[in-house]
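Values in this text are rule-based calculations from the coordinates and carry no lab data. Just so we're clear, the structure is a prediction, and the values are computed from it rather than from any experiment. Note that we place each Cβ from the backbone using ideal geometry, even for glycine, and neighbour counts take in every protein chain shown.
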Amino acid sequence: MLLLDTSVVIAYLDREDRANAAAIAVVEGLVRSGRNPALISVLTVTEVLVGPARSGDRTLYGEIVEFLTQLPGLRLHDVGFAVAERAAILRARHRLRAIDAVIVATGLAAGAGRIVSNDRDWSARLPASEIGASVVLLDDHLPFS
């Protein structure tokens, strides 16, 4: 199981993002194909929808909501007490921002073995030996063709 960080979803949706091709490979080649189920935190939904909500583009907003809720192989994961508690421990031990700690805790609570991100800080602060999952960075696979 993969946890997709907000940076991956944004890179997938934004054709101008330098990591777009790598994000497409993850989403299309791994998730949509059924090879690797994935999840996102509901906080990722919040982060991804800010731009379209700010722009007022209702069509784009609707397309992104459809993508987030209908993509085969992708499920949304809520934040409950167990995730919030785990996020607090991650913040205390690894000095993550609150939203990042909640997103990572969401994946760990759901059993994700890989955290796909483009946040280099995560790979430096979250050793697999301590959190039980490895951080995979899109940038480490660029240029991607």
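Within the stretch 29-47, the set of residues being over 16 Å from G107 (Cβ atoms) and either in contact with a strand residue (DSSP E or B) (Cβ under 9 Å, 6 or more places away or on another chain) or among the aliphatic types (A, V, I, L, M) (or both) comprises R32 only. Does V102 satisfy the condition of being out of contact with any His (no Cβ under 6 Å at 6 or more places or on another chain) and not in a helix (DSSP H, G or I)? No: the conditions fail for V102. Restricting attention to the stretch 58-94, the residues that are of a type in the set (V, I, T), part of a helix (DSSP H, G or I) and surrounded by fewer than 18 Cβ atoms within 10 Å (Cβ to Cβ) total 4.
Residues that are within 10 Å of the chain's Cα centre (by Cα) and either surrounded by fewer than 22 Cβ atoms within 10 Å (Cβ to Cβ) or in a helix (DSSP H, G or I) (or both) within the stretch 107-120 comprise just one, G107. The residue of the stretch 6-57 that is farthest from the chain's Cα centre (by Cα), among those that are of a type in the set (D, E, K, R) and not in a helix (DSSP H, G or I), is D57.
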